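To start, the structure under review is shown below, and the notes come after it.
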Amino acid sequence: MRRAGAIIRWAGMSLAVLASACTLLPEQKTVDIYRLPATQAAPAPGGRAQAWSLRIRSPHANAVLDSARIAVIVQGDQISTYGGARWTDAPPTLVRTRLAQAFRLDGRVASVSTTDSNVRADLELDSDLRAFQSEYRGAVPHAVVSLDVRLISTSTRRVVASRSFEVAQPAGGVEVPAVVSAFGLATDALAAQVVQWAVEQGAAVQSGRPE
């Protein structure tokens, strides 16, 4: 009985220690997950669908941008991230998805795919994501999206056209939701520019007169 009592006391002490240890652990902070918002799609430009196909690759990006954290530059060259906030995917995936949506809504390219589907295509859209961050310009954060784009012939692997695009959209406030809304506007504006350029270049390439 004496031994049984000692075991019971030891078990009780162990439970008390575990309970106190649990109270010392830091509370987990909630993380808000944000989708890249889409603005209302503008009507597609008139014109027939062109008889060529396009495959869109995920943009190349550095380690900071290839992360679900929402990057911000308050001053100088130091990059930070918003605490407790994440994107649903890393920016390269967000940008690729938005580009594919923009091309499909536009309707002037006969077939649009991404590298996930492994579908054959006449041209490939490759790119480098140089910026996808909030930058303070004075007291106002701006969503800055910058993309270096290359149009590549899949038959020759030759770059047939290239161009750089950048959009800086001021946010309506300093709070994260306002900054996220600005990212949606900036990405949509950039995607519209890329679509117009790629459609013109693709038509020129297919007609044998690259611009």
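When you look at residue 195, is it outside any helix (DSSP H, G or I), of a type in the set (Val, Ile, Thr) and surrounded by 14 or more Cβ atoms within 10 Å (Cβ to Cβ), yes or no? For residue 195, the condition - outside any helix (DSSP H, G or I), of a type in the set (Val, Ile, Thr) and surrounded by 14 or more Cβ atoms within 10 Å (Cβ to Cβ) - is not met. Scanning the stretch 146-159 for residues that are farther than 15 Å from residue 79 by Cβ, in a strand (DSSP E or B) and not charged (D, E, K, R) gives 147, 149, 151, 152, 153, 159.
With 116, 188, 128 as the choices, which residue is of a type in the set (Asp, Glu), out of contact with any His (no Cβ under 7 Å at 6 or more places or on another chain) and at pLDDT 95 or above? Let's see the steps before the verdict.
Working: 116 fails: at pLDDT 95 or above; 128 fails: out of contact with any His (no Cβ under 7 Å at 6 or more places or on another chain).
Result: 188 is the single residue among 116, 188, 128 that is of a type in the set (Asp, Glu), out of contact with any His (no Cβ under 7 Å at 6 or more places or on another chain) and at pLDDT 95 or above.
Could you list, in sequence order, the residues of the stretch 74-127 that are of a type in the set (Asp, Glu) and more than 14 Å from the chain's Cα centre (by Cα)?
In the first step, residues of the stretch 74-127 are kept if they are of a type in the set (Asp, Glu); the result is 77, 89, 106, 116, 122, 124, 126.
Across the stretch 74-127, the qualifying residues are 77, 106, 116, 122, 124, 126.
When residue 62 is tested against (1) at pLDDT 90 or above; (2) surrounded by 12 or more Cβ atoms within 10 Å (Cβ to Cβ), only condition (2) is not met. In summary, residue 140 fulfils each of the numbered conditions (1) under 19 Å from the mean Cα position of the chain (by Cα); (2) among the aliphatic types (A, V, I, L, M); (3) farther than 24 Å from residue 196 by Cβ with the single exception of condition (1).
Checked against the criterion of being out of contact with any strand residue (DSSP E or B) (no Cβ under 6 Å at 6 or more places or on another chain) and closer than 21 Å to residue 92 by Cα, the candidates 191, 168 yield just one match: 191.
Cβ-Cβ contacts under 6 Å between residues 6 or more apart (or on different chains), taken from a first residue in the stretch 148-173 that is closer than 18 Å to residue 37 by Cα and small (Gly, Ala, Ser) to a second residue that is in a strand (DSSP E or B) and modelled with pLDDT of 95 or more, are listed as 168/142; 168/144; 171/141.
The values are calculated or read from the model by the stated rules, or taken from the named source; none is laboratory data. Keep in mind it's a predicted model, so treat the numbers as computed, not measured. Neighbour counts are summed over all protein chains in view; Cβ atoms, including those assigned to glycine, are modelled from backbone coordinates with ideal geometry.
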